[in-house]
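Chemist: Here you go, one structure.
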């Protein structure tokens with residue numbers, strides 16, 4: 001049988017009202033000793049809060065849902081992102097539910113409301129950042145459900161990395177080392193960050209009075225090594241490459257080595273990822289995504305939205321967490 005508040009009150013020697021307020025976080029005026037006594041008795045008896053009763057009483061379920069697509073490329077869940085969400089939820093005594101939904105559901109004015117009712121969530125963290133179903137935003141607005149977008153380029157109620165700033169800083173770092181032939185390399189993607197990093201790189205190159213160079217490769221990512229061997233043998237080859245993603249930099253790394261070049265003496269490489277890329281002989285110089293901070297910020301914003309769903313919160317741009325690695329040096333003379 002479930003342990004009741006009455007049993008806890010009898011065991012603790014306190015009134016039902018006192019126990020109820022303490023266990024429902026409605027008793028800031030009680031002494032710390034009283035709170036600790038009630039919590040200790042509740043633990044000894046194996047008390048578990050009745051979530052349905054609490055929801056009926058407060059109008060809140062005490063949980064949020066992390067929404068993602070069934071297509072993994074559209075909803076990358078970084079390890080740091082998840083830990084940032086969980087750490088912040090624990091501070092607010094909230095719980096996390098994971099909702100993995102198809103585009104058919106996310107974009108359906110009939111199916112989506114049904115899921116919203118079944119989730120019993122107070123708000124949504126939407127980790128859906130590419131090819132977003134057109135009706136989704138209208139559905140969320142219509143049902144007035146507190147929502148924050150993660151890693152998505154929205155006018156408000158979103159948090160994302162400052163990819164423009166990261167692209168600019170990467171180029172400025174290489175310029176500071178003396179490089180003039182810097183290329184930005186990208187493998188076909190529709191995510192906004194590819195364009196933002198390129199624009200940041202372009203701004204730094206224009207400010208230095210140097211030509212911009214973008215290398216874009218369409219096709220099988222595993223063919224990058226062959227592509228790079230041809231690219232790096234040209235007389236006007238880049239002395240430094242800013243790679244949108246690690247696999248692009250890895251292709252350049254191995255192509256350079258098999259062509260008799262030395263990293264970073266003959267070619268400098270920079271990429272972007274959650275962790276330093278160490279699968280190569282030297283750790284790639286990596287600008288680190290602020291994934292943990294993104295999870296924390298998104299969750300704090302959602303807590304604000306739950307308290308006041310009508311509030312529109314300004315978009316947050318988070319700087320990258322610096323860079324680490326060993327594949328950058330001055331250009332060859």
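Chemist: In the set 245, 294, which member is touching a strand residue (DSSP E or B) at 6+ places or on another chain (Cβ under 6 Å) and under 29 Å from residue 77 (Cβ atoms)?
Modeler: Every option except 294 fails the conditions.
Chemist: Please work out if residue 87 is assigned to a helix (DSSP H, G or I), at pLDDT 80 or above, within 30 Å of residue 136 (Cβ to Cβ) and assigned by TED's automatic domain parsing to the domain that holds residue 133.
Modeler: It is true that residue 87 is assigned to a helix (DSSP H, G or I), at pLDDT 80 or above, within 30 Å of residue 136 (Cβ to Cβ) and assigned by TED's automatic domain parsing to the domain that holds residue 133.
Chemist: Out of all the residues in region 129-141, is one or more over 25 Å from residue 324 (Cα atoms), out of contact with any helix residue (DSSP H, G or I) (no Cβ under 9 Å at 6 or more places or on another chain), surrounded by 20 or more Cβ atoms within 10 Å (Cβ to Cβ) and modelled with pLDDT of 75 or more?
Modeler: No: zero hits.
Chemist: Taking residue 288 and the conditions (1) buried (at least 22 other Cβ atoms within 10 Å of the Cβ); (2) closer than 22 Å to residue 84 by Cβ, which numbered condition does it fall short on, given that it satisfies the others?
Modeler: (1)
Chemist: Here's something else I'd like to know. Return only the number of the condition from (1) in a helix (DSSP H, G or I); (2) out of contact with any helix residue (DSSP H, G or I) (no Cβ under 7 Å at 6 or more places or on another chain); (3) over 21 Å from residue 181 (Cβ atoms); (4) touching a residue at least 40 places away in the same chain (Cβ under 8 Å) that residue 195 does not satisfy.
Modeler: Every listed condition holds for residue 195 apart from (4).
Chemist: Which condition does residue 304 not pass, out of (1) in contact with a helix residue (DSSP H, G or I) (Cβ under 8 Å, 6 or more places away or on another chain); (2) in a helix (DSSP H, G or I); (3) surrounded by fewer than 19 Cβ atoms within 10 Å (Cβ to Cβ); (4) assigned by TED's automatic domain parsing to the domain that holds residue 141, if it passes all the others?
Modeler: Only one criterion in (1) in contact with a helix residue (DSSP H, G or I) (Cβ under 8 Å, 6 or more places away or on another chain); (2) in a helix (DSSP H, G or I); (3) surrounded by fewer than 19 Cβ atoms within 10 Å (Cβ to Cβ); (4) assigned by TED's automatic domain parsing to the domain that holds residue 141 is unmet by residue 304, namely (1).
Chemist: On the basis of being part of a loop (DSSP other than H, G, I, E, B), in contact with a helix residue (DSSP H, G or I) (Cβ under 8 Å, 6 or more places away or on another chain) and loosely packed, with under 15 Cβ neighbours inside 10 Å, does residue 311 make the cut?
Modeler: Yes; evaluated as a whole, the condition is true for this residue.
The values are calculated or read from the model by the stated rules, or taken from the named source; none is laboratory data. Predicted model, so just to flag it, every value in this text is computed and none were measured. As a convention, Cβ positions derive from the backbone with ideal geometry for all residues, glycine included, and neighbour counts pool all protein chains shown.
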